[in-house]
Amino acid sequence: MSRGSARLKPLVWAGVVAALLAGSTGCKQKMSYQPRYDPLERSETFNDRSSARPLVAGTVARGFLRDDPEVFLGRKENGDYVTEFPFPVTEEVMKRGQERFTIYCTMCHGFSGYGNGMIVQRGFSPPPSFHDPETRNKSVGYYFAVITNGYGAMPGHAHQIPVSDRWAIVAYVRALQLSQNATLEDVPTEHRSALDAPPPAAAKPAASPSAPHSGGAH
């Protein structure tokens, strides 16, 4: 190989690399600057001139298929309210219901469900007591539907409270109703003796050592 050929070889490779870089840049431009619509941009393609297309009718997001009316509506297939919980009511469900009831319901219904919550005491429309005979006889599906859709001055809570939490609240409401209207026969036999036990004595506060009064603000 001559000395001149050796000098030309790096120049040839430099030219090849430059050509490849130029070709890749052109490819990137074609991929990056393809036709598209900006948000809310007008379109001449569709009759409504909107570039943002609505979802196809009947589209359901993954995980949001509500194919059980008893769970998601609180109603049977014939439209009647369900009278039984559509899932097992466990201790965990009750604790969750108590927590959610305290957050979303006590300001109107009060902690015991008598309809004397704090904002009611300040002039808001009082809800019916959960312990009135007519209210106690409402089915669990009815309570679920009211939480979902609202009733009277009460707004619907479907966007705030998930379905499972709504049912947990209904379970806790049933516990409140039982607690205020229970009889001795409702208490398991092995626990009835505890009802006759005297209440525990309140602990007396420890006496603080006396100190001479030194005056000044306290």
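The values are calculated or read from the model by the stated rules, or taken from the named source; none is laboratory data. Quantities reported herein were computed from a predicted structural model and do not represent experimental measurements. Cβ placement follows ideal geometry from the backbone for every residue including glycine, while neighbour counts extend to all protein chains displayed. Just the protein is used for accessible areas: all its heavy atoms, side chains included, with ligands, DNA and RNA removed. Shrake-Rupley method; radii C 1.70, N 1.55, O 1.52, S 1.80 Å.
Observations, loosely collected:
- Among the residues of the stretch 148-160, those that are at negative phi, surrounded by fewer than 13 Cβ atoms within 10 Å (Cβ to Cβ) and more than 15 Å from the chain's Cα centre (by Cα) comprise ALA153, PRO155.
- Considering the stretch 170-212, and only residues there that are β-branched (Val, Ile, Thr) and surrounded by 10 or more Cβ atoms within 10 Å (Cβ to Cβ), the residue that is modelled with the lowest pLDDT turns out to be VAL187.
- Any chance LEU55 is surrounded by 12 or more Cβ atoms within 10 Å (Cβ to Cβ), out of contact with any Leu (no Cβ under 9 Å at 6 or more places or on another chain), modelled with pLDDT under 95 and of a type in the set (A, V, I, L, M): no
The rows are residues; the columns are (1) at positive phi; (2) surrounded by 18 or more Cβ atoms within 10 Å (Cβ to Cβ); (3) without any contact (Cβ under 8 Å) to a residue 12 or more places away in the chain.
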{"site": "SER129", "(1), (2), (3)": "no, yes, no"}
{"site": "GLU134", "(1), (2), (3)": "no, no, yes"}
{"site": "VAL146", "(1), (2), (3)": "no, yes, yes"}
{"site": "VAL163", "(1), (2), (3)": "no, no, no"}
{"site": "ALA168", "(1), (2), (3)": "no, yes, no"}
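- Failed item, numbered, when LYS28 is tested on (1) charged (D, E, K, R); (2) closer than 23 Å to HIS157 by Cα; (3) at pLDDT below 85: (2)
- Residue count for the stretch 104-149, restricted to those that are of a type in the set (Phe, Trp, Tyr) and either part of a loop (DSSP other than H, G, I, E, B) or touching a strand residue (DSSP E or B) at 6+ places or on another chain (Cβ under 7 Å) (or both): 5
- Breaking point among (1) open to solvent by 90 Å² or more (accessible area, probe 1.4 Å); (2) under 30 Å from ASN78 (Cα atoms); (3) within 21 Å of the chain's Cα centre (by Cα), for LYS95: (2)
- Note on the stretch 105-127: residues that are under 14 Å from LEU176 (Cβ atoms) and open to solvent by 60 Å² or more (accessible area, probe 1.4 Å) amount to 3.
- Scanning the stretch 148-198 for residues that are under 19 Å from GLN98 (Cα atoms) and β-branched (Val, Ile, Thr) turns up THR148, ILE161, VAL163, ILE169, VAL170, VAL173.
- Filtered by the rule that a residue be part of a helix (DSSP H, G or I) and open to solvent by 90 Å² or more (accessible area, probe 1.4 Å), the stretch 59-92 gives GLU91, GLU92.
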